[in-house]
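Please read the structure below before turning to the comments.
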Amino acid sequence: GRAKRLLLSQLFQPLNLQAGGEAGGEGRAGEPSCRSQRLMLQAGLLQPSSPGCFHYLPPAVRAVEKLVRVMDEEMRAVGGQKLSMPSLSSAELWRSSGRWERMGPELFRLVDRHGKSYCLGPTHEEAVTELVAAQANLSYKQLPLRLYQVTRKFRDEPKPRFGLLRSREFYMKDMYTFDASEEAARQTYELVCDAYRSLFHRLRLPFVRVRAATGSIGGTVSHEFQLPADIGEDRLVLCPAGHFAANVETLNEEQTSCPTCGEKLTQTRGIEVGHTFYLGTKYSSVFNAVFYSPDNKPQLAEMGCYGLGVTRILAASIEVLSTEDSIRWPSLIAPYQVCFIPPKRGSKEEEEGAGPLEQLYDNLTEVLPRFAGDSVLDDRTQLTIGKRLKDANKLGYPYVVIAGKRVCEDPPVFEVWNQNAGEVLFLTKEGVIELLSKVQVP
């Protein structure tokens with residue numbers, strides 16, 4: 001049967017679009033706010049639950065699911081196999097690697113009824129290495145092994161702030177790779193970094209890859225993918241010609257010029273959205289994760305690990321693309337692609353315009369079924385078209401289709417706002433469908 005129309009009035013998206021300034025953005029009294037947090041709260045995408053934890057409301061879940069689908073495509077393209085590991089991790093596992101003590105208060109720790117200690121995993125190096133080590137007859141022919149998951153992660157942040165940018169519970173895509181040699185592991189490293197570049201290019205986000213410290217995860221090589229932003233917590237130095245980029249924590253005080261071209265390095269702040277590590281045998285040696293070589297000798301696997309902050313990318317993209325009062329999404333992951341605005345109740349356009357707009361909605365979802373769940377009808381017809389257009393602009397739908405004055409022409413002509421291109425088009429029903437047929441929906 002015909003797809004049911006999605007009516008804005010029936011979506012569980014409690015809009016608070018009139019809230020301006022700090023009042024709309026404070027998750028808790030006194031908690032620092034930023035643009036993405038304020039806009040996501042106003043748009044009914046998030047609701048605070050406890051410090052650093054949020055309810056993700058249906059439109060935010062749609063955006064997250066789309067983002068994960070794009071990540072899945074990129075991970076599959078580099079041979080990634082998806083799995084899911086438990087959030088609960090035993091203290092024994094973490095003690096083996098030495099990180100139970102080293103991670104300090106950042107770990108959420110708990111004790112079960114039998115007195116056994118556990119943590120809620122902020123990352124899964126120990127768990128995945130133990131899993132691979134348990135495969136007794138792993139052959140070199142099965143390598144490279146590239147395993148990844150998308151799960152909730154937990155970090156006991158001392159001061160959660162900026163909404164999803166620094167929270168205690170968050171979604172992450174983490175990949176762990178196992179190779180037969182250092183050379184092969186370094187090739188895998190560049191391959192996954194290229195997949196990350198591809199992801200950020202597809203999202204049209206202005207990222208930089210910078211040299212980074214290995215921190216508590218360890219290894220010998222590490223890079224961060226950063227989105228430059230004023231509220232970013234990381235300080236970055238960049239060569240203006242693009243030869244060099246690093247997190248300042250990796251530099252000594254004296255380094256002020258590019259080691260390649262000598263240009264003076266510029267400073268900016270960034271939001272970390274991805275992190276890659278070449279680990280070598282740091283974990284495989286602890287858990288004895290071995291494979292059998294062509295001459296049937298056990299050898300330690302060479303490892304890498306690669307993280308993408310799913311919910312952090314969501315917030316960071318809103319942070320860097322939006323205006324102060326209007327969300328701008330990476331088109332690929334907007335919760336809904338199109339908002340249809342019918343005439344105001346009682347207006348002279350209502351009689352002639354409401355029918356053709358609803359017919360356009362139905363035709364679009366028949367001809368392009370991928371739009372069935374991606375189109376919203378703003379049925380708040382007690383409000384003017386101008387008021388609803390203003391709201392649609394704030395919510396950041398990539399396309400807004402309006403039954404305005406020209407809908408009474410023969411054939412009806414619709415007003416189409418292409419938000420990301422900042423242009424307004426006047427198109428017939430066929431013209432609207434042709435325009436939207438070029439839009440990608442993951």
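For the range 322-442, with the dipole built from +1 on Lys and Arg beta-carbon atoms and -1 on Asp and Glu ones, taken about the Cα centre, which of 342, 381, 326 lies farthest toward the positive end? Of the options given, the answer is 326. For the range 336-437, rounded, prolate or oblate, judged on the Cα gyration tensor with a ≥ b ≥ c (square roots of eigenvalues), a/c < 1.5 rounded, else prolate if a/b > b/c? Rounded. Within a straight-line Cα-Cα reach of under 18 Å, residue 282 can be paired with the following aspartates and glutamates, leaving aside sequence neighbours fewer than 8 residues apart in one chain: 92, 101, 125, 126, 130, 174, 179, 182, 183, 302. Against the chain, whose longest principal axis is taken from its Cα atoms, helix 182-202 shows a tilt of about 10°.
Per DSSP helix of 4 or more residues, -39500 (n - 2.57); summed, then divided by the residues of the chain. What does that give at 222 nm, rounded to the nearest 500? Intermediate results must be reported in sequence, preceding the final value.
Numbers: 11 runs with 125 residues, N = 442.
That comes out to -8500 deg cm²/dmol.
What does the net charge come to around residue 105 if you take all other residues with beta carbon closer than 14 Å to its beta carbon, with K and R at +1 and D and E at -1?
For residues surrounding residue 105, the net value is +2.
Which of the listed residues, 260, 187, 58, is farthest toward the dipole's positive end in the range 35-321, when Lys, Arg count +1 and Asp, Glu count -1 at the beta-carbon? The residue sitting most towards the positive pole is 58.
Treating only the Cβ of Lys, Arg, Asp and Glu as charged (+1, +1, -1, -1), what charge dipole size does the range 336-437 show about its Cα centre? Round to the nearest 20 debye. List each step's numbers first, then the result.
Working: 12 positive and 17 negative charges, 110 e Å.
Dipole about the Cα centre, nearest 20: 520 debye.
Note on the range 185-249: antiparallel DSSP beta bridges, both residues inside, total approximately 90 percent of the bridges counted. Site pair residue 434 and residue 370 shows an inter-label distance of 2.0 nm when each label is modelled 7 Å from Cα along Cα→Cβ.
The long axis of helix 58-77 is offset from the longest Cα principal axis of the chain by roughly 50 degrees. Here the calculated FRET efficiency for residue 95 and residue 241, from their Cβ-Cβ distance with R0 = 56 Å, stands at 0.75, rounded to the nearest 0.05. In this structure, the residue pairs whose Cα-Cα separation is over 25 Å, taken from 4/82; 116/297; 405/429; 66/159; 348/429; 66/153, are 4/82; 116/297; 66/159.
Given R0 = 56 Å, the distance between the Cβ atoms of residue 209 and residue 111 translates into a calculated FRET efficiency of 0.85.
Rolling a 1.4 Å probe across the protein heavy atoms gives the chain an accessible surface of 45 Å² per residue.
Going 7 Å from the Cα of residue 82 toward and past its Cβ, which residues in the range 151-186 have a backbone nitrogen under 14 Å from where you end up? Counting backbone N atoms under 14 Å from the label point, the list is 151-152, 172-175. Between the listed residues 11, 294, 411, the Cα displaced farthest toward the positive end of the dipole of the chain, a dipole computed from Cβ unit charges relative to the Cα centre, is found at 11.
How much FRET efficiency would the formula 1/(1 + (r/R0)^6) give for residue 216 and residue 285, where r is the Cβ-Cβ distance and R0 is 22 Å, rounded to 0.05? Before the final figure, lay out each step's value.
Working: r = 18 Å, r/R0 = 0.80.
The pair residue 216/residue 285 has a calculated efficiency of 0.80.
Computed in the context of the full set of protein chains, the accessible area of the chain at 1.4 Å probe radius has 50% of its extent on carbon or sulfur.
Here the extension length gained between residue 5 and residue 253 equals 83.3 nm, from 0.36 nm per residue of separation less the Cα-Cα distance.
The values are calculated or read from the model by the stated rules, or taken from the named source; none is laboratory data. Being a predicted model, the structure only gives us computed values, none of them experimental. Cβ atoms come from the backbone with ideal geometry, glycine included; neighbour counts cover every protein chain shown. Heads up: the accessible areas ignore ligands, DNA and RNA and are worked out on the full protein's heavy atoms, side chains in. Shrake-Rupley method; radii C 1.70, N 1.55, O 1.52, S 1.80 Å.
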